[in-house]
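Enquirer: Structure in structure tokens, see below.
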Amino acid sequence: MKCNVGPIDRLLRVIAGLIIAIIGVVFDSWWGILGIPLIATGLFRVCLLYIPFNISTAKKEDQ
């Protein structure tokens, strides 16, 4: 798959995912699981929700 997550988007996704996951662990809530997809899309640089809408925050040379 083509990379469609740019560097700033990637950083924000990983940070937000970690915060959500940590809050879920601290408050002993299953809502922390919602941080996993954010971390995964940041690490793999592909957002499946961007594909149908043809959105890309990556630079042309990164794709």
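Enquirer: I'm checking my understanding of the structure. Among residues of segment 6-30 that are more than 14 Å from the chain's Cα centre (by Cα) and among the β-branched types (Val, Ile, Thr), which one is surrounded by the most Cβ atoms within 10 Å (Cβ to Cβ)?
Expert: Looking at the filtered set, the residue picked out is Ile23.
Enquirer: For segment 36-54, name all the residues that are part of a loop (DSSP other than H, G, I, E, B) and surrounded by 13 or more Cβ atoms within 10 Å (Cβ to Cβ).
Expert: Arg45, Val46, Cys47
Enquirer: Also, I was wondering about something else. When you look at Ile33, is it at pLDDT 95 or above, in a helix (DSSP H, G or I) and exposed (fewer than 12 other Cβ atoms within 10 Å of the Cβ), yes or no?
Expert: yes
The values are calculated or read from the model by the stated rules, or taken from the named source; none is laboratory data. On a predicted model such as this, the values are computed, not experimentally measured, just so you know. Backbone-built Cβ (ideal geometry, glycine too); neighbour counts: all protein chains shown.
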